[in-house]
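*Asks:* Dropping the structure in here first, questions after.
The values are calculated or read from the model by the stated rules, or taken from the named source; none is laboratory data. Note that this is a predicted model, so its numbers are computed, not measured. Glycine also receives a Cβ, built like all others from the backbone with ideal geometry; neighbour counts cover every protein chain displayed.
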Amino acid sequence: MTIAHDFAYLHPVTMPDALAMLSGHEGAMLLAGGTDLVPWLRDDAITPEVVIDIKDVPGLTGIEIDGGTLRIGALTTFSDLIASTAAHRAVPMLVEAAHTVASVGVRNRATLVGNVCSAVPSCDAGPALLAYEAVMDVIGPAGVRSIPILDWFLGPRRQALGKGEIVTSVSIPILERHGACYVKLSRYRGEDLAQVGVAVVALPGRQYRVAYGAVGPVPFRAPAIEAYLAGKDLDAETLAGLPTLIGAAISPIDDVRASKEYRTHMSRVMLERGLAAAAARLEGGGPPYGESVI
């Protein structure tokens, strides 16, 4: 199917030009990888009058460690992330999540930033970045600012990016020591959205971070679950208390991918397995990153 409506295609090669174009065209959409934008255009889910291609704007590429922070440029693809030694060392669970995104062909085009800018509830990068407490680095008419990922997701396909703003990078504080796990449930491996996504970070002292995707209107952290788990062994007694907390945290729906009952059941199973894997990895054991635990 072809794109049925007309739009102007703009191709800035400097950031000032990109910002000027974005501010000068109400409702303009940015194009980076295009793996979400192009299907939406094709299906008339969006009908912008202007599309601004930022792929040749300098300063938006690269993955680098700066002190205690990992910086990931806005044009970094999931394949770039998977190939990055720095990312494997600093944020192995984010790399694990990257491996679950669609197919190799899609990962070669799709960007990490684009995935969270699309703000679909099932985006794979969302839970991982929430668990790592990432920060979105943004530039706009008023200058630069930082938006914590915890404040990023506002609703389905809605995020906190302001009018005329462009994300330049994602900054992730590097944890000195941690184990982590991203668990994705989908109907089949390859190009399918998550039925449930769970990201877990295990920290010394039996502290845990938990984030979910695809079981609510936005990806989200689960502070009540984290508070309950704090300081506890992951034994049968502790795990027995999770279903009630999970049920209160999630709001799954019925759709073509799964029923809400199945999503609720698997939200518990996946959290338990993610916790076990993350805790084991913290101690130097557990399954290798990238090995499925479901």
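*Asks:* Go through the residues of region 214-226 one by one and say whether even a single one is in a loop (DSSP other than H, G, I, E, B) and among the charged types (D, E, K, R).
*Replies:* Checked against the condition, which is being in a loop (DSSP other than H, G, I, E, B) and among the charged types (D, E, K, R), region 214-226 yields no hits at all.
*Asks:* Provide a single number: the residues in region 1-24 that are without any contact (Cβ under 8 Å) to a residue 60 or more places away in the chain, surrounded by 11 or more Cβ atoms within 10 Å (Cβ to Cβ) and closer than 22 Å to T168 by Cβ.
*Replies:* 9
*Asks:* A further question follows. Which condition does A202 not pass, out of (1) surrounded by 15 or more Cβ atoms within 10 Å (Cβ to Cβ); (2) of a type outside the set (S, T, N, Q); (3) out of contact with any Leu (no Cβ under 8 Å at 6 or more places or on another chain), if it passes all the others?
*Replies:* Condition (3) is where A202 drops out.
*Asks:* Regarding E64, is this residue over 19 Å from A142 (Cα atoms), surrounded by fewer than 15 Cβ atoms within 10 Å (Cβ to Cβ), modelled with pLDDT of 95 or more and in contact with a Lys or Arg (Cβ under 7 Å, 6 or more places away or on another chain)? Show your work before the answer.
*Replies:* Details: over 19 Å from A142 (Cα atoms): yes; surrounded by fewer than 15 Cβ atoms within 10 Å (Cβ to Cβ): yes; modelled with pLDDT of 95 or more: yes; in contact with a Lys or Arg (Cβ under 7 Å, 6 or more places away or on another chain): yes.
Yes, satisfied.
*Asks:* Only one of (1) surrounded by 15 or more Cβ atoms within 10 Å (Cβ to Cβ); (2) among the β-branched types (V, I, T); (3) not in a loop (DSSP other than H, G, I, E, B) is not met by V293, so which one is it?
*Replies:* (3)
*Asks:* While we're on this one: Within region 231-270, track down each residue that is of a type in the set (A, V, I, L, M, F, W, C), more than 16 Å from Q195 (Cα to Cα) and without any contact (Cβ under 8 Å) to a residue 12 or more places away in the chain.
*Replies:* Once the filter is applied, which keeps residues that are of a type in the set (A, V, I, L, M, F, W, C), more than 16 Å from Q195 (Cα to Cα) and without any contact (Cβ under 8 Å) to a residue 12 or more places away in the chain, region 231-270 yields A236, A240.
*Asks:* Something else now. Considering D36, D43, D56, which residue is more than 17 Å from N108 (Cβ to Cβ) and modelled with pLDDT under 95? Working first, answer last.
*Replies:* Values: D36 fails: more than 17 Å from N108 (Cβ to Cβ); D56 fails: modelled with pLDDT under 95.
Selected residue: D43, the only one of D36, D43, D56 that is more than 17 Å from N108 (Cβ to Cβ) and modelled with pLDDT under 95.
So that you can scan it fast, the table gives a plain yes or no per residue for (1) among the hydrophobic types (A, V, I, L, M, F, W, C); (2) over 12 Å from the mean Cα position of the chain (by Cα):
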| position | (1), (2) |
| --- | --- |
| D66 | no, yes |
| D80 | no, yes |
| A90 | yes, yes |
| V104 | yes, yes |
| N115 | no, no |
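*Asks:* Residue by residue through region 115-132, note down the ones that are within 21 Å of I253 (Cα to Cα) and in a loop (DSSP other than H, G, I, E, B).
*Replies:* A119, V120, P121, S122, C123, D124
*Asks:* Check L234, L239 and return the single one that is surrounded by 15 or more Cβ atoms within 10 Å (Cβ to Cβ), in a loop (DSSP other than H, G, I, E, B) and not aromatic (F, W, Y).
*Replies:* So the residue among L234, L239 that is surrounded by 15 or more Cβ atoms within 10 Å (Cβ to Cβ), in a loop (DSSP other than H, G, I, E, B) and not aromatic (F, W, Y) is L234.
*Asks:* Tell me the strands (runs of 3 or more DSSP E) entirely within region 136-193 that contain at least 1 residues that are farther than 30 Å from Y262 by Cα. I'd like the intermediate steps shown before the answer.
*Replies:* Numbers: elements: 143-148, 153-155, 166-173, 179-185.
Fully inside region 136-193 and qualifying: 143-148, 166-173.
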